[in-house]
Structure formats: structure tokens, C-alpha cells
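Note sheet for the following structure.
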Amino acid sequence: MFTQLAFFALLALPFIAANKQTVGIEGKLTCNGKPYSGAKIKLYDHDTLTMDDKLGETQTDNTGYFKLVGTGSEVSRLNVKFNVYHRCGKTLPVCYYKYSWAVPQSYVSSGTYPQKMFNAQTIELSLLEKHRDCLN
């Protein structure tokens, strides 16, 4: 009985010890120099051994601007990336192009409110490598 109890306690430890962490990002997307609206922005905690945890999602507005705050619980520090899904330069509206960026650890803060926002600046989508994604 003690062995089973100890086993379940060890399994539960990461959930008990996990602390809330938050990250915020903002930026602007352009396509051939013009604001790009409707792009999907997804914020993830990148995990090595398990599936990435989605922390949040938004879309660019009609000026190409996006702002996104995401919160997750981890025992260790969040390893944050954000993905942009767009159709800049696509002739057929089938699938998306996807590109990922890492967010520096210094922008991850404890709690549920970001201490500072990561500013991705203006990203010109037409200059990025084209990685196709049909499942986002």
C-alpha cells in the first residue's frame, strides 16, 4: 500500500509543484510592404518529450498588428515559441505557410501577468522561408 501511495505521489508532484508563468508578445505583419490582416498567431510552450502546450491564439487586425498573452504551468521555465500561419504570396487559398520564432526566456515571468512584452517588430512575410502547414 505504501509503495502505491508513494508512486502516485511522485506522479502528482509535477502538477503540485508547477507554477504559473506568463509571456506576452506583440508585433506587426506585412506582406509585400502592406499590412497583413487575418494571419493566425499561436503561442506555445515547446516541450521536448511531449506535445507542445498551446498558451494562446489570436489573429492580426486590419493594420497587421497582433498582441497575445499566454499563461502556462510548468515545474521548469517555459520554453516559449510563437508560430505565424499566413497565406502571403499563395495563389490558391489551400493550407498556410508557417514560420516559428523563439521568445527569449527573459520575457517569461511568474504569475498571470507579463512583466514585459516581447516586441517582434514588423515582420515581412514575403521574405520568410515557405514551410507549408495544412493542419494548424
Practice task
Answer yes if at least one residue in segment 107-120 is in contact with a helix residue (DSSP H, G or I) (Cβ under 6 Å, 6 or more places away or on another chain), over 21 Å from residue 34 (Cα atoms) and buried (at least 17 other Cβ atoms within 10 Å of the Cβ), and no otherwise.
Solution key: yes
Practice task
Go through segment 80-106 and count every residue that is crowded, with 17+ Cβ neighbours inside 10 Å and not in a strand (DSSP E or B).
Solution key: 3
Practice task
With respect to residue 99, determine if the residue is out of contact with any helix residue (DSSP H, G or I) (no Cβ under 7 Å at 6 or more places or on another chain), more than 14 Å from residue 28 (Cα to Cα), of a type in the set (Phe, Trp, Tyr) and modelled with pLDDT under 95.
Solution key: no
Handout entry: residue 63 polar (S, T, N, Q), part of a strand (DSSP E or B) and surrounded by fewer than 20 Cβ atoms within 10 Å (Cβ to Cβ)
Key = no
Practice task
Considering each of 80, 75 in turn, give the residue that is touching a residue at least 60 places away in the same chain (Cβ under 8 Å) and out of contact with any Cys (no Cβ under 7 Å at 6 or more places or on another chain).
Solution key: 75
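Can you tell me how many residues in segment 26-45 are assigned to a strand (DSSP E or B) and among the small types (Gly, Ala, Ser)?
Final tally of qualifying residues: 1.
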Handout entry: Hey, residue 43 of a type in the set (A, V, I, L, M), under 13 Å from residue 21 (Cβ atoms) and buried (at least 16 other Cβ atoms within 10 Å of the Cβ) or not
Key = yes
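Please go through segment 9-65 and give me each residue that is of a type in the set (A, V, I, L, M, F, W, C) and modelled with pLDDT of 95 or more, ordered by number.
Correct list: 23, 25, 29, 31, 39, 41, 43, 55.
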Practice task
For residue 76, indicate whether it is over 12 Å from the mean Cα position of the chain (by Cα) and either more than 27 Å from residue 134 (Cβ to Cβ) or part of a strand (DSSP E or B) (or both).
Solution key: yes
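The values are calculated or read from the model by the stated rules, or taken from the named source; none is laboratory data. Treat the numbers as computed from the prediction; the structure is a model and nothing was measured. Ideal geometry is used to build each Cβ from the backbone, glycine not excepted, and the neighbour counts take in all protein chains shown.
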